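Only one structure is covered here, and it is reproduced in the block below.
The values are calculated or read from the model by the stated rules, or taken from the named source; none is laboratory data. Keep in mind it's a predicted model, so treat the numbers as computed, not measured. In this analysis, Cβ positions are derived from the backbone assuming ideal geometry, glycine residues included, and neighbour counts consider all displayed protein chains. All accessible areas refer to the heavy atoms of the entire protein, side chains included, with ligands and DNA or RNA removed. Shrake-Rupley method; radii C 1.70, N 1.55, O 1.52, S 1.80 Å.
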There are 2 protein chains.
Amino acid sequence: MADTAPTTAVPEQSKSALKKAEKAAKMAAEKSAKAAKQAKVVVGQGKKTDDIIGITAKKEEDFPTWYQEVVLKAEMIEYYNEISGFFIMRPASMYIWNVIRKWFQEKIEGLGVEETSFPMFLSAKSLEKEKDHVEGFAPELAWVTKAGDKDLEVPVAVRPTSEAVMYPYYAKWIRSHRDLPFRLNQWNSVVRWEAKQTTPFLRAREFMWQEGHTAHLTEKLAGEEVLEILEFYAGVYEQLLAVPVVRGKKTENEKFAGGYYTTTVEGYIPSNGRGIQGATSHCLGQNFSKMFDITVEDPAEQGKHIHVWQNSWGLSTRVIGVMVMIHGDDKGLVLPPRIAKLQVIVIPLGITAKTSDEVKEKHAAKVEQLAADLKKAGVRSDVDTREGYTPPWKFNDWELKGVPLRVEFGPKDMEKDVISYARRDTGEKGTIPIADIATKIPELLETIQQDMYNKADAAYKAHRIQVTEWEKVVPALDAKNVVLIPFCLEPQCEEKIKDTTKSKDEQGNERMGMKSLCIPFEQPEGLVAGETKCLNPTCGKNAESWVQFGRSY
Amino acid sequence: MADTAPTTAVPEQSKSALKKAEKAAKMAAEKSAKAAKQAKVVVGQGKKTDDIIGITAKKEEDFPTWYQEVVLKAEMIEYYNEISGFFIMRPASMYIWNVIRKWFQEKIEGLGVEETSFPMFLSAKSLEKEKDHVEGFAPELAWVTKAGDKDLEVPVAVRPTSEAVMYPYYAKWIRSHRDLPFRLNQWNSVVRWEAKQTTPFLRAREFMWQEGHTAHLTEKLAGEEVLEILEFYAGVYEQLLAVPVVRGKKTENEKFAGGYYTTTVEGYIPSNGRGIQGATSHCLGQNFSKMFDITVEDPAEQGKHIHVWQNSWGLSTRVIGVMVMIHGDDKGLVLPPRIAKLQVIVIPLGITAKTSDEVKEKHAAKVEQLAADLKKAGVRSDVDTREGYTPPWKFNDWELKGVPLRVEFGPKDMEKDVISYARRDTGEKGTIPIADIATKIPELLETIQQDMYNKADAAYKAHRIQVTEWEKVVPALDAKNVVLIPFCLEPQCEEKIKDTTKSKDEQGNERMGMKSLCIPFEQPEGLVAGETKCLNPTCGKNAESWVQFGRSY
């Protein structure tokens, strides 16, 4: 089963590797905290320090450790040590989530979606109405059984998603076909007490998301909205996070528990060649409306009642993790300018004990002017005036935190009436005449945004390979690709493929098999109906579609 | 104990009355749902209906039932029947909460407060660090003891507030006095599984709020922020909700569990003469920083460590309930224009079967122009073009929902080049030349906002009575006043006062005693230090302050 948020199983065999990686990351984090504690003392004594707590793992060598170091050290996340599997979202990541929230909220308001807030608890009775749905979520439910020192008469579960919380009220509120489309969304957090390994942003026992729940008169109208929302999800990735995605439909095995069909945007992590589900927009069909008795009178036929067609769709903070994985590098986080809280950091430099008072004063005035000009140009910027730190220390610090553009300004720049800059994404350096910064810096930020997308897009395109020979599948996966193969769409065949595409790495550790990621809407050519066979050699059925498979999160 | 959200006890004796009222409201709601179901059928058959499901209880006669009818029928709230004590916030109330959220968020961003999101669960170990705090909240904790079908090794509680969730991390993150002030805020919901009677918005087992948690170097700096935040809270009430409040400090009995002192804004409900706590801003002193070991090195003395001074402050969706109680009337909700999603509803009328096509067309064009002009003027407006409903039905419907201004436009208005209007708050009617609407309607909306505030303020002022004779206290309460009395500030004396100010109503039901609401910052004259005695005749101590007491929520 699939759903609107992280639920992909991590195969048993890779758990130990992940645990090892997590342990290493935690040790690194503790080490850095210790170092920071020492640094604190040093700073406290008024001495200078150049100790920067950088990323110690290499992205290409130890990706899981690298990732966990980045999200910790760039201060996006803190592990919640009190209860395992939970994370604290710090201001650096909340800012990004709020940019996304605002953008998406405007889009859905444009569709007429209204905001609501339902309770966080669910009664077992509501949940049990849809059989596949309860089976899908029951193993992950957190049960409240006590209040104060008293046992509850009937335990309640923390919502893992809100279909069963909301739909009894849809039955009450939707009175006529005139009430359709009926569309509500809520921004909240949900709890799925997974036994699987957790990873910051990608898989947590509690995560923030939005969940939209809508009702329509016909399958066609519901289906249109499913795709409109999916396009907004693609927009979050492509336009805000500079992350390319493939739009498609989930196979039966991977669709939402209890739904009719699921559409998805699928991403790709070049560092390990894994696919990752980006966000999902589900058509629930009439399954839930039949169970919860949500009907309207048919406008075309008096007295006839129709069960409404429903959708649900969700986008979670997982998006932030995908962005970090794709853009980050060995120096730390790399943020696309559109979602960066700080787009430009100005670092004044070159002022020493020998600098004349006149130059000092002029320099300070110019820096102030520069900051004012950037703010006026709508650039989110700040000046690093911290004392006791050298420019290289500051460079490292802002690189770790992913600020897209560093501006340096010293007496030499002042003489030439320019600023010097360094791009975070490419390291490229250059100068811009001070007179032009109000136009050139916003342009440069947009260029960075576009270049980051293009780079990620090129990597995805280069590693999304059409395979028409079964023998080439596993080598393609081992070479960090996702594959497009002719596939019969049968659930059992899909299970079989998952089993038969495991392999071993150099150390003899088993690599997970591939699973279906999506049936891309954009189908390549070359599949002949009634002729092309499913690529699984033990299947023998006709291929129905090109399907994207891969090892995945 | 008091805290940042509803916890005022409802005395046992008034519970049965409340239960009766709630039952009546639920019956009314069911009745209206049934009527609506019938109306649905009628509408479904294409027939017209003039049945409006209005408020049946009178505000002055049966205030609790009236309130519950209003929040239900104006579609602000739905009872969550699955689990008692929980409510659904519908779009009509979420809109208001979001206006408040945006306004307050901008204010605190201006102070440098950043956003965060901590897990919703709390370990017992963290909670137990502060003794008064755990005692205050333990009886209301919801305990998760099971995940899926497995018992948790260590049960976890849903946060009732986040001091104990957050402060272990403050100890980690605050490394130097340079990190101060350290200020985080989160928008979330918390759970307090109260045994007390719940009321929509005012007291619920789960409620939405913001909780700010900050750390400062000195008591003075912490204290300054406490008041800045309190002033923002007053602004939410006074500037957005048109609700007057009194600023003050809580007595020891009523302060936050584990805190140092609590400041508050206190409101007043004219219909029943009760005081109501609006929102609270606490200085926690060093109590929590000592327990959680949050220290920095003293910038003035090398090697000396200081425990930081902490604040926490919260504003909940309770504000919406207070606004409804104060402004609503027998026709339903009355919304202040600044927080109304729909400020103006335009109702075209006077077009009949006899109207000439020429007039019809011109009228339709004018209505369209009118709507466009209002939108352009920044007025949140809509046109009610629903067919099958008479103008009076529409009037009632929008009055029930509290839209501040109704604009009517018929052929007669068209002849005179005016629109007709009716104010929701006063019922006052008038006309405005069409040419002037872009300026006159926004002005009128501001007038309505101001008049609503003034009316509520006059009611508060008239019922906030200075009392200097003990015998006059209970009669004053029975006449729906809150009182200002000279008071010794002793906790035991306060308990005694609560006991000795009970009275009986005409039916012989016991009325609750009064409790202290706040020590107003603005103290009346007439209290002579060392001379004026505490008003409680059995006390005999000197009065320290004028204190506002009242029956309260």
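Data table
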| quantity | calculated |
| --- | --- |
| Crossing angle, helix A:219-235 versus chain A [Cα axis fit, 0-90 degrees, rounded to tens] | 20 |
| DSSP-defined beta bridges in chain B - what % are antiparallel, rounded to 5 | 85 |
| Surrounding net charge for B:Thr385, when Lys and Arg each add one and Asp and Glu each subtract one, Cβ distance under 13 Å | -1 |
| Highest average packing first - A:129-142, A:458-471, Cβ atoms within 10 Å | A:129-142, A:458-471 |
| Sequence-distant residues sharing a close amide H with A:Ala279 (under 5 Å, placed H) | A:Val265 |
| Antiparallel DSSP beta bridges within region A:344-446, as percent of all bridges there, nearest 5 | 55 |
| Chain A: angle of helix A:491-500 to the longest principal axis, Cα-based, in degrees nearest 10 | 50 |
| Computed E for B:Glu506/B:Trp103 - FRET, C-beta separation, R0 51 angstrom, nearest 0.05 | 0.75 |
| Calculated diffusion of region B:436-487, Stokes-Einstein form, Kirkwood radius summed over Cα pairs, 4 °C and 1.567 mPa s, µm²/s | 97 |
| Of B:Lys59/B:Lys394; A:Lys394/B:Lys304; A:Lys249/A:Lys401; A:Lys146/B:Lys331; A:Lys58/A:Lys429, pairs whose Cα-Cα distance is over 32 Å | A:Lys249/A:Lys401; A:Lys146/B:Lys331 |
| Å² of accessible area per residue within chain A, as computed with a 1.4 Å probe and no ligands counted | 41 |
| C-alpha long axis of helix B:437-462 to longest principal axis of chain B, angle in ° | 50 |
| Surface share of carbon and sulfur [accessible, 1.4 angstrom probe, percent] for the protein assembly as shown | 50 |
| Where labels lie 7 Å past Cα in the beta-carbon direction, separation of B:Glu153 and A:Asp149 in nm | 2.7 |
| Average beta-carbon neighbours from other chains, 10 Å sphere, peptide B:172-184 | 3 |
| Extension gain (nm, one decimal) between A:Glu525 and A:Asp382, 0.36 nm per residue minus Cα-Cα | 46.4 nm |
| Size of the B/A contact, given as accessible area buried on both chains, probe 1.4 Å, in Å² | 5700 |
| Distance histogram for region B:344-446 (every C-alpha pair counted, 5 angstrom bins, percent rounded to whole numbers) | 2, 12, 26, 26, 20, 10, 3, 0 |
| Label-to-label distance, nm, for residues given as B:Trp393 and B:Ile465 (7 Å Cα→Cβ offset) | 4.8 |
| Local electrostatic count, B:Arg247, Cβ distance below 10 Å [Lys/Arg +1, Asp/Glu -1] | -2 |
| Simple Cβ-charge dipole of the protein assembly as shown, Lys/Arg +1 and Asp/Glu -1, about Cα centre, in debye nearest 20 | 700 |
| Sequence of A:Phe292, A:Phe182, B:Phe521 when ordered by accessible area, the most exposed leading, probe 1.4 angstrom | B:Phe521, A:Phe182, A:Phe292 |
| Exercise: per-residue mean of other protein chain Cβ atoms within 10 Å, A:78-87 | 5 |
| Region B:165-205 versus region A:116-144: alpha-carbon centroid distance in Å | 27 |
| Rounded, prolate or oblate (a/c below 1.5 giving rounded, otherwise prolate when a/b exceeds b/c) for region B:275-421 by Cα gyration tensor | prolate |
| Across the identical copies, how the B:Glu231 labels are spaced - nm, sorted shortest first, 7 Å along Cα→Cβ | 4.8 |
| Whole-Hz couplings from phi, Karplus 6.51/-1.76/1.60, listed for region A:143-149; x for Gly and Pro | 9, 8, 10, 9, 10, x, 9 |
| Estimated distance in nm for a label pair at A:Thr447 and B:Lys472, the labels positioned 7 Å out from Cα along Cα-to-Cβ | 7.9 |
| Spherically averaged projected area of region B:464-550 from its Cα convex hull (nm²) | 5.3 |
| DSSP bridge pairs, region B:51-327: antiparallel proportion in percent, nearest 5 | 95 |
| Test item: A:150-162 mean partner chain Cβ contacts at 10 Å | 2 |
| All-pairs Cα distance distribution in chain A, expressed in whole percent, bin size 10 Å | 3, 16, 24, 24, 17, 10, 4, 1, 0, 0 |
| Normalised per residue, the volume of the convex hull around the Cα set of region A:51-327 (Å³) | 145 |
| Backbone HN-Hα couplings from phi across region A:206-213 [Karplus 6.51/-1.76/1.60, Hz, Gly and Pro as x] | 10, 9, 8, 7, 10, 10, x, 9 |
| Residue-count net charge about B:Val344 - beta-carbon cut-off 12 Å; Lys, Arg +1, Asp, Glu -1 | +3 |
| Other-chain or far-sequence residues with amide H under 5 Å of B:Asn542's (modelled H) | B:Cys534 |
| Relative contact order (%) - criterion: Cα under 8 Å, at least six apart; region: chain B | 15 |
| Coordinate range along principal axes, alpha carbons of the protein assembly as shown, Å, largest first | 92, 84, 64 |
| Mean separation of Cα contacts under 8 Å (6+ apart) over length of region A:344-446, as relative contact order % | 33 |
| Linear extension gain, A:Thr426 paired with A:Lys304, 0.36 nm per residue minus alpha-carbon span | 37.6 nm |
